[in-house]
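Here's the structure, in structure tokens; my notes come after.
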Amino acid sequence: MKLRRLYLAVAAIPFTFSLSLSAHADSVSEKVSSDMPKLMALYKDLHAHPELSGFEVNTAAKLAKRAKALGFDVTENVGGTGVVAVLKNGPGPVVMIRADMDGLPVVEQTGLPFASKVRATTEDGIESGVMHACGHDTHMTSWVGTAQALTSMKDKWSGTLVMILQPAEERGKGARDMLADGLYERFPKPDYALAFHDAAGLPAGTIGYTPEFALANVDSVDVIVKGAGGHGAYPHTTKDPIVLASRIVSALQTLVSRELDPQDSAVVTVGSFHAGAKHNIISDKATMLLTVRSYSDETRQALLDGIARIAKGEAIAAGMPEALMPEVNIKDEYTPATYNTPEFTHKMAKVFTQRFGEKRVVQTPAVMGGEDFSRFYRADKNIQSLIFWVGGVEQGDWDKAKEDGTSLPSLHSPYWAPEADAVITTATEALTAVALNIMHKN
């Protein structure tokens with residue numbers, strides 16, 4: 001997910017701080033600091049050995065073993081390769097902390113000494129390099145760091161800690177599969193759900209938070225435009241699907257620009273347009289692949305209905321018979337919009353600010369990326385939910401980008417290499433502090 005809007009929103013804010021100290025030193029920061037050498041060794045191992053969505057077998061086993069050693073009751077193979085680790089520590093709220101495990105089919109080009117050299121075949125049969133290009137290795141390492149910190153401070157909190165490792169976030173199905181496998185029925189259902197994501201649009205160690213909608217609905221739509229093919233020299237004997245598809249592409253732009261409230265953010269992008277195989281042959285089919293982004297369920301439905309309406313309407317205008325009406329297929333890899341419950345989000349932002357100081361905690365705008373962490377809240381809207389950002393851009397690179405407009409690598413880029421120690425230190429301390437605040441023993 002690209003965070004350009006997030007980058008622009010904070011580009012004018014000066015960030016100068018030392019990651020070695022929190023706003024105030026305490027047992028949390030001291031514990032995290034003492035654990036960092038081993039956590040960084042774990043991070044490098046995870047980074048060098050990524051696994052694709054749904055195939056996180058070794059990753060899950062490795063981290064499940066660590067959770068068991070800390071005294072958690074661990075269940076593996078939940079919703080595929082998912083892991084659920086439960087630690088009961090007296091009466092009190094149930095707090096769930098989630099990290100995602102999967103890497104991406106990307107050939108790493110960071111030049112790191114521990115860069116991934118792994119190659120694998122995707123579910124679609126494509127052989128590729130594999131890389132943690134979205135920072136899930138920092139998520140998992142912070143998950144372990146948080147588990148270690150909280151188990152060492154059991155005298156300071158009371159309640160139930162449910163820590164989950166989720167597969168297949170990049171395919172939008174891991175959270176759904178864990179819920180379908182009884183996450184809320186087989187294990188304590190959370191009162192609070194927490195997660196973080198590293199950010200390619202914030203300086204290293206900076207926390208970003210977004211009340212209400214934080215990330216978007218993400219739909220993938222295939223539009224198959226039919227025609228009657230023939231010789232390119234005799235177009236009058238054909239029904240040209242390329243011309244029709246081009247009309248559809250143009251008309252789709254009006255869904256956002258003319259049918260939605262200008263203050264209602266949405267995106268309809270045609271990411272792929274494929275038709276034909278030779279200069280002088282008019283094809284009988286054109287295929288378009290779309291990504292569709294929105295926040296509210298109502299806007300999402302309006303966009304999907306509009307795509308189908310425009311495709312059919314343009315076909316009718318082109319004189320296509322009923323048998324040649326376009327097919328509009330909405331793929332099942334839908335990721336719902338992520339919603340941070342507002343009151344809880346603002347309260348936790350105060351916890352962050354108290355710990356890290358005002359310069360390291362900023363409110364950021366919602367982005368059009370997607371995150372299936374959203375499903376844990378949507379499955380039970382009584383849950384208080386928060387996913388926050390932790391910046392990973394090295395301060396020197398950040399300053400240079402501000403000065404001369406240098407482009408920074410985005411998430412999913414083969415060049416994305418977050419300042420991992422800053423991300424892991426900040427995220428581990430933040431997650432631990434929030435959990436202690438929620439489950440504080442009176």
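The values are calculated or read from the model by the stated rules, or taken from the named source; none is laboratory data. The structure displayed is predicted, hence computed values, not measured ones. Quick reminder, even Gly has a Cβ in these numbers, built from the backbone with ideal geometry, and neighbours come from all protein chains shown.
So, Asp305, is that one free of Cβ contacts under 8 Å to residues at least 12 places away in the same chain and more than 30 Å from Gly229 (Cα to Cα) or not? First the steps, then the outcome.
Numbers: free of Cβ contacts under 8 Å to residues at least 12 places away in the same chain: yes; more than 30 Å from Gly229 (Cα to Cα): no.
No: the conditions fail for Asp305.
Just checking, how many residues over the stretch 378-397 are at pLDDT 95 or above and surrounded by fewer than 23 Cβ atoms within 10 Å (Cβ to Cβ)? Of the residues in the stretch 378-397, 8 are at pLDDT 95 or above and surrounded by fewer than 23 Cβ atoms within 10 Å (Cβ to Cβ).
Among the residues of the stretch 238-289, write down those that are within 22 Å of Met320 (Cα to Cα) and of a type in the set (Asp, Glu). If the condition is that a residue be within 22 Å of Met320 (Cα to Cα) and of a type in the set (Asp, Glu), then Asp240, Asp284 are the ones that fit. When each of Ala195, Ala251 is tested for being crowded, with 17+ Cβ neighbours inside 10 Å and either in contact with a helix residue (DSSP H, G or I) (Cβ under 7 Å, 6 or more places away or on another chain) or farther than 22 Å from Met101 by Cα (or both), the lone residue that passes is Ala251.
Can you find even one residue in the stretch 364-371 that is modelled with pLDDT of 95 or more, outside the structural domain of Leu252 (by TED's automatic domain parsing) and either surrounded by fewer than 16 Cβ atoms within 10 Å (Cβ to Cβ) or closer than 24 Å to Met439 by Cα (or both)? Yes; the residues of the stretch 364-371 include at least one that is modelled with pLDDT of 95 or more, outside the structural domain of Leu252 (by TED's automatic domain parsing) and either surrounded by fewer than 16 Cβ atoms within 10 Å (Cβ to Cβ) or closer than 24 Å to Met439 by Cα (or both).
Checked against the criterion of being at pLDDT 95 or above, within 22 Å of Glu212 (Cβ to Cβ) and not assigned by TED's automatic domain parsing to the domain that holds Ala366, the candidates Leu303, Leu289, Leu252 yield just one match: Leu303.
Identify the residue in the stretch 124-142 that is hydrophobic (A, V, I, L, M, F, W, C) and not in a strand (DSSP E or B) and, among all such residues, is farthest from Ala422 (Cα to Cα). Spell out the reasoning first.
Narrowing the stretch 124-142 to residues hydrophobic (A, V, I, L, M, F, W, C): 126, 130-131, 133-134, 140.
Restricting the remaining residues to those that are not in a strand (DSSP E or B) gives 126, 130, 133-134, 140.
Working: Ile126: 34, Val130: 24, Ala133: 17, Cys134: 16, Met140: 14 Å.
Restricting to residues being hydrophobic (A, V, I, L, M, F, W, C) and not in a strand (DSSP E or B), the top hit is Ile126.
In the stretch 399-418, of all residues being over 18 Å from Gly369 (Cβ atoms) and touching a Leu at 6+ places or on another chain (Cβ under 8 Å), the one that is surrounded by the fewest Cβ atoms within 10 Å (Cβ to Cβ) corresponds to Ala401. The residues of the stretch 278-302 that are closer than 29 Å to His231 by Cα, in contact with a helix residue (DSSP H, G or I) (Cβ under 9 Å, 6 or more places away or on another chain) and of a type in the set (D, E, K, R), listed by number, are Asp284, Lys285. Contact map, the stretch 175-197: first residue among the aliphatic types (A, V, I, L, M), second residue in a helix (DSSP H, G or I), Cβ cut-off under 7 Å, separation 6 or more or different chains; pairs are Ala175/Arg375; Ala175/Phe376; Leu179/Arg375; Ala193/Phe376; Ala193/Tyr377; Leu194/Leu431; Leu194/Val434.
Restricting the stretch 255-275 to residues that are surrounded by 12 or more Cβ atoms within 10 Å (Cβ to Cβ) and small (Gly, Ala, Ser), the residue that is nearest to Phe213 (Cα to Cα) is Ser265. Remark: Lys239 falls outside the filter, which requires a residue to be in contact with a Leu (Cβ under 6 Å, 6 or more places away or on another chain) and on the phi < 0 side of the Ramachandran plot. Scanning the stretch 311-332 for residues that are of a type outside the set (A, V, I, L, M, F, W, C), out of contact with any helix residue (DSSP H, G or I) (no Cβ under 6 Å at 6 or more places or on another chain) and assigned to a loop (DSSP other than H, G, I, E, B) gives Gly319, Pro321, Lys331, Asp332. Looking only at the stretch 37-76, residues that are touching a helix residue (DSSP H, G or I) at 6+ places or on another chain (Cβ under 9 Å), of a type outside the set (D, E, K, R) and loosely packed, with under 15 Cβ neighbours inside 10 Å come to 1 in all.
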